[in-house]
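Encoded as structure tokens, the structure appears first; notes follow it.
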Amino acid sequence: MKLSSPRFKSIAVTAGLTFWFFIITSTTGYFSYEVLLIFSISILAITQIFSYKISKGLDKFAIFNTIVFLGLLFIFMISIYGILFKLLRIDLLRLKKNKETYWLDIEETNSQRIVKQY
């Protein structure tokens, strides 16, 4: 399996940390472009130095995220909605409403509305 390069992953980490630095300093009222530039350059240098270790950590995090977080999300969110909709007999796709056809009935449109569509 081909993964993205460690250097690219370190740039992505730098972009994410810079984004959160901007958000936090802006909301607290301590934002300045000079500090943002110094922070971004220093984080970029640090992440480039440790890019292979960061890459290994991100790969492990991706595996954890896929197995645990998305598994729990499916169990507790999607399955619960499916069970509740079955119990409450909610048919979002309207599959059992009309068994002869799946077309929906619409009201008749006014001929003036057709001429003046917008």
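Nothing in this text is a laboratory measurement; each read-out follows from the coordinates by a stated rule. What you are looking at is a predicted structure, and each value in this text was computed from that prediction instead of being measured. Positions of Cβ are generated from backbone atoms using ideal geometry, with glycine treated the same way; all protein chains shown enter the neighbour counts.
What ranking do ASP59, ASP91 get, fewest neighbouring Cβ atoms within 10 angstrom at the top?
Details: ASP59 14, ASP91 11.
The most exposed by this proxy come first: ASP91, ASP59.
At a Förster radius of 25 Å, what calculated FRET efficiency corresponds to the Cβ-Cβ distance of LYS56 and PHE19, to the nearest 0.05?
Values: r = 23 Å, r/R0 = 0.92.
In this case the efficiency is close to 0.60.
Based on other C-beta atoms within 10 Å, arrange VAL13, VAL68 from fewest to most.
VAL68, VAL13
Using the count of nearby Cβ atoms within 10 Å as a rough guide to exposure, how do THR18, THR66, THR47 rank from fewest to most?
Ascending Cβ contact count within 10 Å gives the list THR66, THR18, THR47.
From the gyration tensor of the Cα coordinates in the range 6-115, what semi-axes in whole Å does the equivalent ellipsoid have, largest first, with each one equal to sqrt(5λ)?
That gives 50, 26, 14 Å for the three semi-axes.
Within the range 12-101, list the trypsin sites (Lys or Arg not before Pro) lying in a DSSP loop whose Cβ has at most 13 other Cβ atoms in a 10 Å radius.
Filter output for the range 12-101: ARG89, ARG94, LYS96, LYS97, LYS99.
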